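Trainee: Before anything else, here's the structure in question.
The values are calculated or read from the model by the stated rules, or taken from the named source; none is laboratory data. None of these values were measured; they are calculated from a predicted model. Ideal geometry is used to build each Cβ from the backbone, glycine not excepted, and the neighbour counts take in all protein chains shown. Note: accessible area is taken over every heavy atom of the protein model, side chains too, but ligands, DNA and RNA are not part of it. Shrake-Rupley method; radii C 1.70, N 1.55, O 1.52, S 1.80 Å.
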Amino acid sequence: LMGQCDTEDQVVRESGIQGLFVIDSGPLPANPAELLSGQRMKSLLEHCKSNFDYVIIDGPAMLVSDSKTLASQADGTILVFNTANTHRGAAIRMLREMREIHADLVGAVLVGVKSRKGGYFRENYRSYQDYQRVQVEQPV
């Protein structure tokens, strides 16, 4: 994005896992939001979309404007909330900001949830175990 490579093929590298390719972020530029919203980024995304089945962009936390720029260019966005760091108000604000930029929010992931003894999670887990047990016991 900083113009140091001639073609997109010089940026995309094999990861060592068959079928998985990676683009490293490289050094942090002085103007990341400007680069992410620029023509080179659009060109890179088009190149990736035409050459790969799926393009996954791992962006910074939603409190950074760069993530909003990426979300507005993506076909879909998945928000990740960490219960240790994200308060309810911040999560609601992130969702509102996604709507404001017309990002296609396809889902959310909640990490760091601690199940408490008893309560909602225990009941759901027990229900899931019962369901699995019935599936295994039935003849085919």
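Trainee: Hey, among the residues in the stretch 8-18 that are assigned to a loop (DSSP other than H, G, I, E, B) and open to solvent by 70 Å² or more (accessible area, probe 1.4 Å), which one's farthest from Ala33 (Cα to Cα)? Show your work before the answer.
Mentor: Of the stretch 8-18, the ones assigned to a loop (DSSP other than H, G, I, E, B) are 11-12, 15-18.
Then drop every residue that is not open to solvent by 70 Å² or more (accessible area, probe 1.4 Å), which leaves 16-18.
Details: Gly16: 30, Ile17: 30, Gln18: 32 Å.
Ranking the candidates gives Gln18 first.
Trainee: Okay, moving on. Would you please list the contacts, defined by Cβ atoms under 7 Å and residues six or more apart or on different chains, that run from a residue in the stretch 34-51 that is more than 12 Å from Asp9 (Cα to Cα) and in contact (Cβ under 8 Å) with a residue 24 or more places away in the chain to a residue that is outside any helix (DSSP H, G or I) and open to solvent by less than 40 Å² (accessible area, probe 1.4 Å)?
Mentor: Note: pairs meeting the criteria are Leu35/Pro29.
Trainee: Does Leu79 qualify as being in contact with a helix residue (DSSP H, G or I) (Cβ under 7 Å, 6 or more places away or on another chain) and modelled with pLDDT of 90 or more?
Mentor: Working: in contact with a helix residue (DSSP H, G or I) (Cβ under 7 Å, 6 or more places away or on another chain): yes; modelled with pLDDT of 90 or more: yes.
Yes: the conditions hold for Leu79.
Trainee: Which one is nearest to Asp66 (Cα to Cα), of the residues in the stretch 19-33 that are exposed (fewer than 13 other Cβ atoms within 10 Å of the Cβ) and either hydroxyl-bearing (Ser, Thr, Tyr) or at pLDDT below 90 (or both)?
Mentor: If we take residues in the stretch 19-33 being exposed (fewer than 13 other Cβ atoms within 10 Å of the Cβ) and either hydroxyl-bearing (Ser, Thr, Tyr) or at pLDDT below 90 (or both), then Asn31 is nearest to Asp66 (Cα to Cα).
Trainee: Sticking with this structure for a sec: Kindly provide the set of residues from the stretch 75-94 that are under 13 Å from the mean Cα position of the chain (by Cα), part of a loop (DSSP other than H, G, I, E, B) and either of a type outside the set (D, E, K, R) or surrounded by 16 or more Cβ atoms within 10 Å (Cβ to Cβ) (or both), ordered by number.
Mentor: Listed by number, the list holds a single entry, Gly76.
Trainee: Quick check on my filter: what residues within the stretch 23-46 are among the hydroxyl-bearing types (Ser, Thr, Tyr) and either closer than 25 Å to Gly107 by Cβ or within 19 Å of the chain's Cα centre (by Cα) (or both)? Step through it out loud before you land on a result.
Mentor: First, pick out the residues of the stretch 23-46 that are among the hydroxyl-bearing types (Ser, Thr, Tyr): 25, 37, 43.
Across the stretch 23-46, the qualifying residues are Ser25, Ser37.
Trainee: Mind checking which residues of the stretch 47-74 are modelled with pLDDT under 90, more than 11 Å from the chain's Cα centre (by Cα) and among the acidic types (Asp, Glu)?
Mentor: Asp66
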